[in-house]
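All remarks here apply to the structure that follows.
The values are calculated or read from the model by the stated rules, or taken from the named source; none is laboratory data. Source: prediction; values computed, not measured. As a convention, Cβ positions derive from the backbone with ideal geometry for all residues, glycine included, and neighbour counts pool all protein chains shown.
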Ligand SMILES: Cc1ncc(COP(=O)(O)O)c(C=O)c1O
């Protein structure tokens, strides 16, 4: 019989997967391999440190039967700890910031953890900061263990013992470049220390979001004022004990836009469904790779799964709201569905047999200056307030006439997947366009809806 004693046996030994389509298109010669940490049982690289820190605490007698684990986490370390807690019977309390995706927070609750949420905007060291809050709760909770992933040696040592050797063995020692993000710094410090011991020529590249301090700190020794960014789980406002930047050769800054775009491309074009920090790392890997030839071998970390971000950057609606969506993904149906802040919108229209007076009243009530005329789901014409009023000035009796007597030609009818560029082109000649889905008119886009996109 082939089986595992429990789910913890599935942690680590993740495979390397070669990147093909993206590198081919970019004419990159150096082979790039993804270290698939998203295949851990908690779907992230942080499963490795969850078990490593708890094993340490049990061995040292810090964590005893019935104890409580308390940690400040962007979610994944919490998941790694909660898996072990579920198997070994501990209670967990995790302190998150309100930047953490709802998926990770619900996942933690599903694993049986209690959650405390702090504002992401709180400054380090202030009472509302998530790390300060976690420390306070740990101090107030008897029989508790506060691992502190930012400084605990069992964090980088997990990667020194496992991630590093796995990469070395699986590449037959041929790895030339290792690319990772820096959150606590555990992954990059531990893995790189092992790899550099094996071959000091291996280049270590850190990927850091713009707004985080690591690049400036490494390059100048100065800690800059941090600024907000959207990628989760990586970067810091202050240096951490576990981020040993002496093993890092170069740090590359990456924008949110590049990170999300690359994570989305990895999912769509390589089938590697990953989180935003993986996009940050992969962007840096591509920048490094463009100057290398086929004798190099790059390995980068796939930190976690895209499932944690389905309501965030893996959603076109969220990307559009953040003004980050690739223009070719902004389609007519997306514009119509998400206009007015995504509030469910009913298509307002009149029938050709209604009176002009009733149509004007409806337009007035809804605050609109143009309206489609629709019969049996087919657009048969349009009314534009200014033109109708001009006709009424000449003949007031038209108020009682049917709409069909005064209407103009229909607004152009476009398919749901018409691109933003084409929608704009049609709006140059018409004040509005209609959207058709399976032969039904489902929405309308006006010039002001498109202007809203650029606000
Ligand atoms: C999504 C994600 N990516 C990357 C990291 C960074 O890993 P490390 O803390 O080992 O630097 C984390 C850490 O929490 C994470 O949650």
> Does residue 175 meet the test of being within 30 Å of the chain's Cα centre (by Cα), more than 14 Å from the ligand (Cβ to nearest atom) and part of a loop (DSSP other than H, G, I, E, B)?
Replying inline: yes
> Which members of the range 123-145 meet the condition of being within 29 Å of the chain's Cα centre (by Cα) and either surrounded by fewer than 23 Cβ atoms within 10 Å (Cβ to Cβ) or assigned by TED's automatic domain parsing to the domain that holds residue 235 (or both)?
Replying inline: 123, 124, 125, 126, 127, 128, 129, 131, 132, 133, 135
> Residues in the range 309-325: is at least one surrounded by fewer than 19 Cβ atoms within 10 Å (Cβ to Cβ), under 30 Å from residue 188 (Cβ atoms) and within 16 Å of the ligand (Cβ to nearest atom)?
Replying inline: yes
> Only one of 185, 221 is at positive phi, away from the ligand (no atom under 14 Å from the Cβ) and either at pLDDT 95 or above or outside the structural domain of residue 74 (by TED's automatic domain parsing) (or both); which?
Replying inline: 221
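Rundown of residues vs (1) out of contact with any strand residue (DSSP E or B) (no Cβ under 8 Å at 6 or more places or on another chain); (2) within 16 Å of the ligand (Cβ to nearest atom); (3) in contact (Cβ under 8 Å) with a residue 40 or more places away in the chain, yes/no style:
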{"residue": "85", "(1), (2), (3)": "no, no, no"}
{"residue": "104", "(1), (2), (3)": "no, yes, yes"}
{"residue": "130", "(1), (2), (3)": "no, yes, yes"}
{"residue": "136", "(1), (2), (3)": "yes, no, no"}
{"residue": "147", "(1), (2), (3)": "no, yes, yes"}
{"residue": "156", "(1), (2), (3)": "yes, yes, yes"}
>> I'd like the residue in the range 163-172 that is in contact with a helix residue (DSSP H, G or I) (Cβ under 6 Å, 6 or more places away or on another chain) and within 15 Å of the ligand (Cβ to nearest atom) and, out of all such residues, is nearest to residue 232 (Cα to Cα).
In response: 163
>> Going through 244, 208, 249 one at a time, which residue ends up being surrounded by fewer than 19 Cβ atoms within 10 Å (Cβ to Cβ) and within 14 Å of the ligand (Cβ to nearest atom)?
In response: 244
> Just to be sure, is residue 348 assigned by TED's automatic domain parsing to the domain that holds residue 433 and either outside any loop (DSSP other than H, G, I, E, B) or surrounded by fewer than 11 Cβ atoms within 10 Å (Cβ to Cβ) (or both)?
Replying inline: no
> What are the residues in the range 266-279 that are surrounded by 20 or more Cβ atoms within 10 Å (Cβ to Cβ), more than 11 Å from the ligand (Cβ to nearest atom) and not in a loop (DSSP other than H, G, I, E, B), if any?
Replying inline: 266
>> Can you tell me how many residues within the range 44-57 are within 16 Å of the ligand (Cβ to nearest atom) and buried (at least 24 other Cβ atoms within 10 Å of the Cβ)?
In response: 9
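This table checks each residue for (1) more than 16 Å from the ligand (Cβ to nearest atom); (2) part of a strand (DSSP E or B).
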residue	(1), (2)
24	yes, no
35	no, yes
42	no, no
59	yes, no
74	no, no
78	no, no
82	no, no
99	no, no
> From 216, 163, which residue is farther than 21 Å from residue 39 by Cβ and modelled with pLDDT of 95 or more?
Replying inline: 216
